[in-house]
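*Asks:* Have a look at the structure that comes next, please.
What follows draws every value from the coordinates through simple rules; no lab data is involved. The structure presented is a predicted model; accordingly, all values stated were derived computationally and were not measured. Using ideal geometry, Cβ is built from the backbone for each residue, glycine included, and neighbour counts are taken over all protein chains shown.
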Amino acid sequence: MKILVALKQVPARDLPVEADGARAWIDESGLSYEMNEPDAYALEAALRLKESAGGEVVAVSCGPERVTSTLREALAKGADRAIHIAVEGQAARGTDPSVTASLLESAVREEQPDLVLTGLQSDDTGSGQTGVVLAARLCWPHATLVVAIEPAAGQVRVRRELEAGWFQHITLPLPAVLTVQSGISRLRYATLMGIKRAKTKEIRRVEPALPAAGLRLKELGEPRRQRETQYLEGSPAEQAAQLVEKLRFEARVL
């Protein structure tokens, strides 16, 4: 079974970020980058499928030259080879899922995998649409919020997480696209031997023609303040009366 895993490189979690001068994107100077955590779970699912059923895992990522570090990490964890779709500017940010899906589509059609795995969403833009749009462009069956994958001859049975603790079991014909839920299994660390082997594995660079963007990020802004502290003055009785009035007419909880 050949499995293609789409990986995105995002700014490291918990780093303070600010808008750039034009407020069109974040200020990337001084930022460090890492593998998108939801995509790391998709990679882990692919590696476990390879260990249980055999086959090949191909990691693919869109972005500037720096994304090769994320691809090397995937190779160190056990992916067999990688594809770097080299893009710059807005396309590298991944703010338009249709553009990202179009770039991934070309790699998928060339590789012809049995399965394509993506994370549920990215930690930066969080659209959660890339895998779904990719499946629509390929006209392949797909499932989202996948928490278990059982491959079989010509098909795959998956378990999807629904609301309120409910799950759905469905069987899809191959090839298919699966969007993997975070926490599907425990993530592995790259071993020293894996890191050494990753240096000899192939990262194929592709420079595609960029599709027209249908979504444009107009401006970034800080969240509006929703809460504020008010100090009540006067005697205890006056403060109590003011509090009751605010609870009744402003908070409307009385």
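*Asks:* Cβ neighbours within 10 Å, averaged per peptide: list 214-221, 229-236, 138-145, 153-160 in order, most packed at the top.
*Replies:* Output ranking for 214-221, 229-236, 138-145, 153-160: 138-145, 153-160, 214-221, 229-236.
*Asks:* Moving on to the next point. Could you state the number of Å between the C-alpha centres of region 50-77 and region 82-108?
*Replies:* 15 Å
*Asks:* Turning to a different aspect of this structure: What Kirkwood hydrodynamic radius do you get for the chain when you take the inverse of the mean 1/r over all pairs of distinct Cα atoms, in Å?
*Replies:* 20.3 Å
*Asks:* Roughly speaking, what is the centre-to-centre gap between region 222-254 and region 152-184 when only Cα atoms are used, to the nearest Å?
*Replies:* Cα centroid of region 222-254 versus Cα centroid of region 152-184: 49 Å apart.
*Asks:* Treating only the Cβ of Lys, Arg, Asp and Glu as charged (+1, +1, -1, -1), what charge dipole size does region 2-206 show about its Cα centre? Round to the nearest 20 debye.
*Replies:* For this selection, approximately 760 debye.
*Asks:* In degrees from 0 to 90, rounded to the nearest 10, what is the angle of the helix 37-53 Cα long axis to the longest principal axis of the chain?
*Replies:* On a 0 to 90 degree scale, this one is about 30.
*Asks:* Using a simple spin-label model with points 7 Å from Cα along the Cα→Cβ vector, what separation in nm is obtained for residue 206 and residue 53?
*Replies:* 2.2 nm
*Asks:* Based on the Cβ-Cβ distance from residue 66 to residue 166, what FRET efficiency comes out when R0 is 51 Å, to the nearest 0.05? Spell out each step's value before the answer.
*Replies:* Details: r = 41 Å, r/R0 = 0.79.
That gives a FRET efficiency of 0.80.
*Asks:* I would also like to ask the following. Taking the highest mean first, how do the peptides 194-200, 76-82, 99-105 order by number of other beta carbon atoms within 10 angstrom per residue?
*Replies:* Result, highest mean first: 99-105, 76-82, 194-200.
*Asks:* Peptides 38-48, 19-29: what's the order by average Cβ count within 10 Å, highest mean first?
*Replies:* Per-residue Cβ counts within 10 Å, averaged per peptide and sorted highest first, yield 38-48, 19-29.
*Asks:* Near residue 201, which aspartates and glutamates are there with a Cα under 16 Å away, not counting those fewer than 8 places off in the same chain?
*Replies:* Result set, ordered by chain and number: 56, 73, 80.
*Asks:* Residue by residue through region 216-226, what is 3J(HN,Hα) from phi via Karplus (6.51 cos²θ - 1.76 cosθ + 1.60, θ = phi - 60°)? Round to whole Hz and write x for glycine and proline.
*Replies:* 10, 7, 7, 6, 9, x, 6, x, 6, 5, 9
*Asks:* Further question: Per 0.36 nm of contour for each residue apart, how much would the distance between residue 192 and residue 227 grow if the chain were fully extended, relative to their Cα-Cα spacing?
*Replies:* Working: separation 35, 0.36 × 35 = 12.60 nm, distance 4.90 nm.
Here the answer is 7.7 nm.
*Asks:* What is the sum of charges around residue 51, taking Lys and Arg as +1, Asp and Glu as -1, for the other residues whose C-beta is under 11 Å from the C-beta of residue 51?
*Replies:* Here the charged neighbours net out to +2.
*Asks:* When the helices in the chain are scored as -39500 (n - 2.57) per DSSP H run of 4 or longer and the sum is shared across all residues, what 222 nm value do you end up with, to the nearest 500 deg cm²/dmol?
*Replies:* -9000 deg cm²/dmol
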